[in-house]
Amino acid sequence: MTSKQPHLPQEVLPRPTKLMQIILTLLCPWLVFALANLGAGLYLKHYPQNRGYWLIQQKWSMLLNLNKPADWLVLGDSSCNQGVVPEVLGNELEGNAVNLCTIGDSLALNDAWMVSKHIQKHGAPKNIVIVHVYDMWDREIKLNVTSQTPLAWGYWNQLEPNFEFDLTEQKDVFLNKYVPLYSQSTSLKKVLKDNQNLFKSKDYHLADDGFMPVTEANDWEVEQDAKGHLKNTAKKSDFAFSDTNQDSINAIIDLAEKHDINVYLANSPLYEELYQNPDFRKYYDQVQQGLATISDRSDKVKRILVEPMTFSKTEMENVDHVIETAAKSYTEKLAQEIKQVRN
């Protein structure tokens, strides 16, 4: 007698409906894009390719993770990033100093936002030193740069000065902040072309206090850069602050007066032969007249290095970036002038 096998139902998978097929068709490319974008973001985090973006993110991270309020908060652009040595400044002026300088296209807006965030998170710094190149003051905001600020969405209207970005501008901020396949496509293309260095880190180095030491001069680049500055200044007519920089410096003055902060505004280092050129000086001197109106607005603001400290091409990387030995000399001069003007 043979036993009867129990009848087992045959499972049949349902065929996807047209709606499901449409949804899968729409979602798959976005899922692939999201994963590729995530991978690009992780890659750029470990192997940064854009030094300017990297510098902004590093300096903001330093600000957010300070252990105590800074006695001397140094702000500005890349000329300051490798021109002001906090150790020297702190020793000369007796206090802890930190260099949070980023790049020129961050504008004085980044300075103001850093002061505002420092006050929110750590309390008011005692002193602020601001160092910028002469040709920063007429520049307008660039959202691709501003978007690199590593703060939560909406930071632009939570700090001083606050901005109201429209929907188009917010879209640009989103793409530049969260979509590296879009915002850093040029860097990624270069990496893929040079695949031998795909997993080789760039030689970016910051000291613990934020100073970026550069040891080798580039006299050829200094001369080429000087020619470029002469051409650019020849094209410019009368100097005027950009709206963004004007609003930003006004915000810094307001914060300084409200929180009793001393602000020292300095010219960056400059190539000696460029400064001696009379055609260049026509525009440069106009910038200085504009900067004088800032210090006239408030007793909390003092101008230092009104006559810029100049250097030879053997001490520079370009017309406003000095090497480490010259940076120490520049910082010592900066401290001397602060001692002369502070109350």
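At a Cα cut-off below 12 Å, give the aspartates and glutamates reachable from LYS235, other chains included and same-chain residues fewer than 8 away excluded.
ASP279
In whole angstrom, how far apart do the alpha carbon centroids of segment 308-340 and segment 30-50 sit?
Measuring centre to centre over Cα atoms gives 39 Å.
Can you give the convex hull volume of the alpha carbon atoms of segment 22-341 per residue, in Å³?
Spelled out: Cα convex hull of segment 22-341, divided by residues, is 156 Å³.
Among TRP72, TRP156, which comes first, second and so on when ranked by fewest other beta-carbon atoms within 10 Å?
Sorted ascending by nearby Cβ count, the order is TRP156, TRP72.
For a quick check: sort LEU63, LEU206, LEU75 by the number of other beta carbons within 10 angstrom, fewest at the front.
LEU206, LEU63, LEU75
Starting from the amide H of ASN267, placed 1.01 Å from N in the peptide plane, find each other amide H under 5 Å away whose residue is 5 or more places distant or on another chain.
Under 5 Å from the amide H of ASN267: ILE304.
How far is the Cα center of segment 79-115 from the Cα center of segment 116-163, in Å?
13 Å
Taking θ as phi - 60°, what are the ³J(HN,Hα) couplings along segment 65-74 by the Karplus curve (6.51, -1.76, 1.60), each to the nearest whole Hz, with x for Gly and Pro?
10, 4, 7, 7, x, 7, 6, 10, 9, 9
Using only helices, what value at 222 nm comes out for the chain when you add -39,500 (n - 2.57) per DSSP H run of length 4 or more and divide by the total residues, to the nearest 500 deg cm²/dmol?
Helix-only estimate at 222 nm: -16000 deg cm²/dmol.
Using the count of nearby Cβ atoms within 10 Å as a rough guide to exposure, how do ARG303, ARG281 rank from fewest to most?
Fewest-to-most Cβ neighbours within 10 Å comes out as ARG281, ARG303.
Excluding ASP238 itself, what net charge comes from residues whose Cβ is under 12 Å from its Cβ, given Lys and Arg +1 and Asp and Glu -1?
Value of the local net charge: 0.
Work the Kirkwood hydrodynamic radius out for segment 196-236: mean of 1/r over every pair of different alpha-carbon atoms, inverted, in Å.
13.6 Å
About the Cα centre of the chain, what is the dipole size in debye to 20, counting +1 per Lys and Arg Cβ and -1 per Asp and Glu Cβ, all else neutral?
1740 debye
Which cysteines in the chain lack any other cysteine whose Cβ sits under 4.7 Å from their own Cβ?
CYS28
Would you kindly state how much longer the chain becomes between CYS28 and GLN340 on full extension, computed as 0.36 nm times their sequence separation minus their alpha carbon distance, in nm to one decimal?
In short, 105.7 nm is gained.
If a paramagnetic tag sat 7 Å from the Cα of LEU192 along the Cα-Cβ line, which residues of segment 108-149 would have the backbone N under 15 Å from that point?
The answer is none.
What relative contact order, as a whole-number percentage, does segment 169-276 give when Cα pairs under 8 Å and 6 or more residues apart are counted?
Normalised by residue count, the contact order of segment 169-276 is 13 percent.
Tell me the relative contact order for the chain as a rounded percent, counting alpha carbon contacts under 8 Å between residues six or more apart.
Relative contact order for the chain comes out at 23 percent.
Each reported figure results from applying straightforward, stated rules to the coordinates on display, with no laboratory input. Here the structure is a predicted model, which is why all the values come from computation and not from measurement. Note that we place each Cβ from the backbone using ideal geometry, even for glycine, and neighbour counts take in every protein chain shown.
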